[in-house]
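Any read-out appearing in this document is the output of simple, stated calculations on the displayed coordinates, not a laboratory observation. Bear in mind the structure is a predicted one, so any value in this text is a computation, not a measurement. Methodologically, a virtual Cβ is constructed for each residue, glycine included, from the backbone with ideal geometry; neighbour enumeration extends over all protein chains shown.
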């Protein structure tokens, strides 16, 4: 495990089908690195709602999440409504939460920081 | 003309085919309401480059521009590369610049202000 | 009501807050114009799942839905996962289904027809 | 070189800065695997215009191209206007065309085949 680097600089790895989900202690420890907005359903699901002023900004954020998900090849469920994007993470092959979900969550926390034309979001 | 409201709160109207483009004086007066980043090619084209730290943020912005364009039903040319979105505006039916182009440009100036989850971009 | 034109060529109108939802008979009659894939929860919600071979094609379709929604200014809830987009429609101001939802549903049925570079989807 | 697999199943690799572009013979040989719509500017640029019936379908396709580009981490220049997406490929580090450009072009040829809800585009 690449413990030395912050979570948001790590990348998902492939877990073979049937790998067990994280234990509660591990999930708690990783959760401590995330924004307080994340809701965790034990070791099953991790989700956060991001709010916006209109549909356009919500969908623009969803597009950035989609591009990040395709880049990391770990895809959340995205629910977009007027002014809101709910991202829900889990790992299909482990039937619950893996380290991958916390890595992507940490990257999304950075993606959600205010941005506009200008320097990169790392 | 709805001169009382700021340009960014106005909406494009339909110009019949063959309507002449704005005169240079009108174009100059409207141009004064825009960000200094806009380049104007006389009364023919209006364009601005918006820069970003990576492809993902550039394309996320392009998506917000596309949604705005579809809402206002006035569509620019959009060129997206790594870290950059160039928006070029003109009005097909007038074969050059109309007031519509300055209205959409003013809306894009607001769209480009730093934003993230939080209050609306008007 | 513009009964003469097919539903997919009509456009949403604004309903003032507090307008009652459609009655069950009206909802049924409008529902008859839609693809069989739509699930209707009485006069409360209308939803359809569109399936795709991967996340990329699912999100590409979601983007087209988003642009249509912004154009018609009637916004569904969109849930995107790997290979699937679920669209759920209702009208906020009527607290249930209005004619607007069936109009947008009919437009989405056409949007979902196979397409590629080539002629327009009306 | 993974010559055994069709081009569209291969993936871009990283070329160090200063790697020379392909020779004309190599470029020609790879070009033979692509759709006739591609225009090649010697060993400098490769571009293809994809046409659509409206802005919405054009931008929906651009989004699928963007997701593919982010997945393969080889990013074209994308120019979207009403009814058209022009994709231009080259490799920054070789200052011209590399095998990567032909791989992504071959993937885009497949992406452009008519599609809708249903089986995956490989």
Angle in degrees between helix C:99-111 and the longest Cα principal axis of chain C, rounded to the nearest 10: 20
The stretch D:11-34 versus the stretch C:78-96: alpha-carbon centroid distance in Å: 45
Nm distances between copies for residue B:31, ranked from closest, using label points 7 Å along Cα→Cβ: 4.1, 5.8, 5.9
Where N is the number of residues in the stretch D:75-114, Cα Rg divided by 2.2 N^0.38 Å: 1.26
In nm, spacing of pseudo-spin labels at residue D:32 and residue C:110 (7 Å Cα→C-beta vector): 4.5
Along each principal axis, Cα extent of chain C, largest first, Å: 39, 29, 25
Shielding of C:47-54 by partner chains, average beta-carbon count, 10 Å: 4
Relative packing of C:50-60, A:77-87, which averages over residues the other C-beta atoms within 10 Å, highest first: C:50-60, A:77-87
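Over the whole of D:68-81, what's the average partner chain Cβ count within 10 Å per residue? Rounded to a whole number, please.
Mean number of neighbouring Cβ atoms from other chains: 6.
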Principal-axis tilt of helix A:55-72 within chain A, Cα atoms, nearest 10 degrees: 40
Shortest-first nm distances, residue B:51 label point to equivalent points in other copies (7 Å, Cα→Cβ): 3.5, 3.7, 4.8
Burial ordering of B:101, D:35, fewest other beta-carbon atoms within 10 Å first: D:35, B:101
Pseudo-label separations to other copies for residue A:14 - Cα-to-Cβ vector, 7 Å, nm: 2.0, 5.4, 5.4
Equivalent ellipsoid dimensions for the protein assembly as shown as semi-axes, Å, which come from the Cα gyration tensor, largest first: 34, 32, 24
Where rotation carries D onto B, the chain D residue whose Cβ is nearest that axis, in whole Å: D:79, 2
